[in-house]
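The structure appears below as structure tokens.
The values are calculated or read from the model by the stated rules, or taken from the named source; none is laboratory data. Quick caveat, the model's predicted, so the values are computed rather than measured. Heads up, the Cβs are rebuilt from the backbone with ideal geometry, glycines too, and the neighbour counts pull from every protein chain shown.
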């Protein structure tokens with residue numbers, strides 16, 4: 001049985017849920033609550049599964065992987081029938097470029113651990129936390145908007161007609177932008193792509209509100 005250790009509002013876990021759905025791969029959902037009981041990801045039962053104390057973790061038979069981008073690459077290589085990367089090297093690189101801009105340049109600065117450190121250890125108030133959160137999204141979204149516009153005439157998604165890893169990373173980040181009231185008026189192409197993607201069943205089923213542990 002394929003198992004996904006998951007948290008309904010985790011951006012990284014959201015990416016993996018989308019990919020599993022797109023590829024038609026069934027999985028057992030195991031909730032790891034990131035704030036309850038001091039953070040269930042810190043408990044020995046879970047650190048034995050993922051010593052980094054993060055979600056998601058995917059268990060696929062004898063394979064156990066953390067880190068969402070590594071999981072997406074594993075799924076692509078192990079279950080290539082429904083691809084999430086383009087065939088040609090240039091577009092594969094462009095899809096990864098967008099995905100990594102989100103996964104490496106936005107998400108690590110705005111995740112739960114960082115926000116908690118800002119407020120708990122650095123004494124940053126709520127207004128300061130939101131300013132920090134907005135800054136790192138608004139620092140990176142202009143490039144994503146420009147890259148997305150390059151293929152706007154080719155189809156509804158980030159690179160045109162094919163849903164790729166870029167789209168899989170974009171939708172959770174757009175969810176978080178709205179959750180924290182980041183203004184999106186300057187990013188009409190990203191908003192358009194997000195709307196098109198959320199009309200796809202694999203994306204809508206992966207949405208936080210549709211998870212069994214949603215609160």
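Restrict the check to region 84-91 and report whether at least one residue is within 22 Å of residue 208 (Cβ to Cβ) and out of contact with any helix residue (DSSP H, G or I) (no Cβ under 7 Å at 6 or more places or on another chain).
Within region 84-91 (the criterion being within 22 Å of residue 208 (Cβ to Cβ) and out of contact with any helix residue (DSSP H, G or I) (no Cβ under 7 Å at 6 or more places or on another chain)), the answer is no, since none of the residues qualifies.
Which pairs turn up if I take residues in region 26-37 that are assigned by TED's automatic domain parsing to the domain that holds residue 61 and touching a residue at least 40 places away in the same chain (Cβ under 8 Å) and look for partners that are surrounded by 11 or more Cβ atoms within 10 Å (Cβ to Cβ) and not in a loop (DSSP other than H, G, I, E, B) with beta carbon separation below 7 Å, at least 6 apart in sequence or on another chain?
29/4; 29/6; 31/6; 33/40; 34/41; 34/112
Can you tell me which residue within region 101-115, out of those that are assigned to a helix (DSSP H, G or I), in contact (Cβ under 8 Å) with a residue 40 or more places away in the chain and in contact with a helix residue (DSSP H, G or I) (Cβ under 9 Å, 6 or more places away or on another chain), is farthest from residue 15 (Cα to Cα)?
Among them, the one singled out is 110.
If a residue must be surrounded by 15 or more Cβ atoms within 10 Å (Cβ to Cβ) and either touching a strand residue (DSSP E or B) at 6+ places or on another chain (Cβ under 9 Å) or outside any helix (DSSP H, G or I) (or both), how many such residues does region 116-147 contain?
Going through region 116-147 one residue at a time, the tally reaches 1.
Quick check on my filter: what residues within region 185-215 are closer than 16 Å to residue 144 by Cα, assigned to a loop (DSSP other than H, G, I, E, B) and without any contact (Cβ under 8 Å) to a residue 24 or more places away in the chain?
The one that is closer than 16 Å to residue 144 by Cα, assigned to a loop (DSSP other than H, G, I, E, B) and without any contact (Cβ under 8 Å) to a residue 24 or more places away in the chain: 185.
In region 8-45, how many are within 19 Å of the chain's Cα centre (by Cα) and surrounded by 14 or more Cβ atoms within 10 Å (Cβ to Cβ)?
25
How about region 194-215: which of its residues are over 15 Å from the mean Cα position of the chain (by Cα) and surrounded by 14 or more Cβ atoms within 10 Å (Cβ to Cβ)?
196, 200, 213, listed by residue number.
Exactly one of (1) touching a strand residue (DSSP E or B) at 6+ places or on another chain (Cβ under 8 Å); (2) within 19 Å of residue 106 (Cα to Cα); (3) part of a loop (DSSP other than H, G, I, E, B) is unmet by residue 50. Its number?
Answer for residue 50: the failing condition is (2).
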